[in-house]
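First comes the structure, then the notes that go with it.
What follows draws every value from the coordinates through simple rules; no lab data is involved. Keep in mind it's a predicted model, so treat the numbers as computed, not measured. For neighbour counting, all protein chains shown are included, and Cβ atoms are generated from backbone atoms with ideal geometry for every residue, glycine included.
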Amino acid sequence: MMIKRLLIAAAALAYLGFLAVLGASYFIGLKQASSWPGPAREQAIADKDVAKVEKNVQQLEKKMGGLLPKGPYIVIDTAENRLLLKNGDQVVRTAVVSCGSGVVLEEPGGKKRSWVFDTPRGEFSVKSKITNPYWVKPDWAFVEEGEVIPKGLEDRIEAGTLGDYALGFGQGYFIHGTLYTRLLGRNVTHGCVRVGDEDLKYLFKAVPIGAKIYIY
Amino acid sequence: MKKTAVFAAIAAAGLAVLGWAVGPDKAALAKKQGALNAEYVLAKDAKFYFVFDVEGKKLELRVRGMVLRTWPLQAMRFWGRPDFVGTVELSKKTTLKAPERIVIKPGESELIAPAPGTKPAAAGAAAADYDLEALELRDMPKRFSLDFDNGLHVTVKAKGSGSSGFLGSMKDAWRWYVRLPLGHLFGARRGQGQSELEIVFNDEKDAQSIYWHMFDGIKGIIL
């Protein structure tokens, strides 16, 4: 009987101790959180410095504005497969596109090369504008089809598959047309950006060489 | 005499209101200057960065000062050290089941994503219905966490994507109401107090696209 009482008392004490520690945690946590979101964020400005700070803010805003690309530029969302043609803050045209599938292709046999079919992300610029482009099939296109990789360039050239226009943005990547218009809006490509015919035509006419492309 | 007293009182009240009004403006100005200074350093570079406006309840992806994407927060809760604002870098993205890339070995798996040169198949079901062999937005997790180099741990989740069932709810509650406070208490004693933010989005696609766009090493500003 005595042992049972002692055990109950010990359990009650342990429970009360736990509650006390938890209470202390809450007290400290809430005390800190009351200064949220940051005690040092609002640095005091002396009255005499207000005009100086205002001027500094204006200069910074001007400098930030200067970082924006001049003239038309392209913004591509690889997750939503959307392309925006913009000029300044204005959206000139929106297009549904297809970006990289993210698939990895592994070459069978001795060479063991592999390719990751991602659309590259970052800041690029239009490096070339091509009408009626030919597709020079890279090695992966043959590996994927289980075909032998040809030695001659003429065996790699294919016409009519990239649409009527192509905008190159470096390292073999292009914004081009597609035969698979029903797959627009999905991630299916090998890294290039596929665009529907009408949108491609508009882009080709509107965007000069050197225009910025932001892919995220 | 009475009129003078009334005017004096009105003038004093006016000055007090003016002083109160100028105070917050100065704070806002200081905040704006700090934010612009920090952002300009990041925007000079061509890399993407994010701006997490905690008070404004929104997360933005930007480049060159241009907003590419805005994710408005539906809800948010916080525990721990409040000094997490400033320029940060994402050091780790964690999820229970990370999306995996599909590996194609010719001759072993069926090719579903066609190369530009292959003949298109006949039109049939809508494109959105296809289950493609691809890593898409829909494959991204709806719940994950982001660890930043300043010790801030952010749990991102879509509304309704929390742990399911009674046990799951208990686990969530235990973590938030017991484990975190205790961890913070004992961590703070060792100088390792933690900052824990939980942000919830209305649309599950928002959480998924954050996972897509927030890559390891991305820099950003927390306001």
How far apart, in nm, are the 7 Å Cα→Cβ label points at A:Val92 and A:Lys201? 1.7 nm
Between the helical axis of A:197-206 and the dominant principal axis of chain A, each derived from Cα atoms, what acute angle in degrees is found, rounded to the nearest 10? 90 degrees
Over chain A, relative contact order from alpha-carbon pairs under 8 Å, at least 6 apart, %: 23 percent
Starting from the alpha-carbon convex hull of chain A, give the projected area averaged over all orientations, in nm². 26.1 nm²
Please report Rg (one decimal) and Dmax (integer) in Å for the Cα set of region B:34-112. 18.4, 57
Report the paramagnetic label zone for B:Asp139: residues of region B:64-100 whose backbone N is under 15 Å from a point 7 Å from Cα along the Cα-to-Cβ axis. B:97-100
Between helix A:50-67 and chain A: long-axis angle, C-alpha atoms, 0 to 90°, nearest 10: 30 degrees
I want the local charge near A:Lys151. Using Cβ-Cβ distances under 14 Å, sum +1 for each Lys or Arg and -1 for each Asp or Glu among the other residues. -2
Within a 10 angstrom radius of the beta carbon, how do B:Glu55, A:Glu158 rank from fewest other beta carbons to most? B:Glu55, A:Glu158
Along Cα→Cβ, 7 Å out, is where each label goes; now give me the distance between the ones at B:Asn37 and B:Lys97 in nm to one decimal. 4.7 nm
With a 10 Å radius around each residue's Cβ, average the other Cβ atoms per peptide and rank B:70-83, A:73-86, A:47-60, highest first. A:73-86, B:70-83, A:47-60
Would you mind pulling out the separation of the Cα centroids of region A:153-216 and region A:39-102, in Å? 26 Å
Interchain or sequence-distant (5+) residues whose placed amide H lies within less than 5 Å of the amide H of B:Ile104 are A:Val104, A:Leu105, A:Glu106
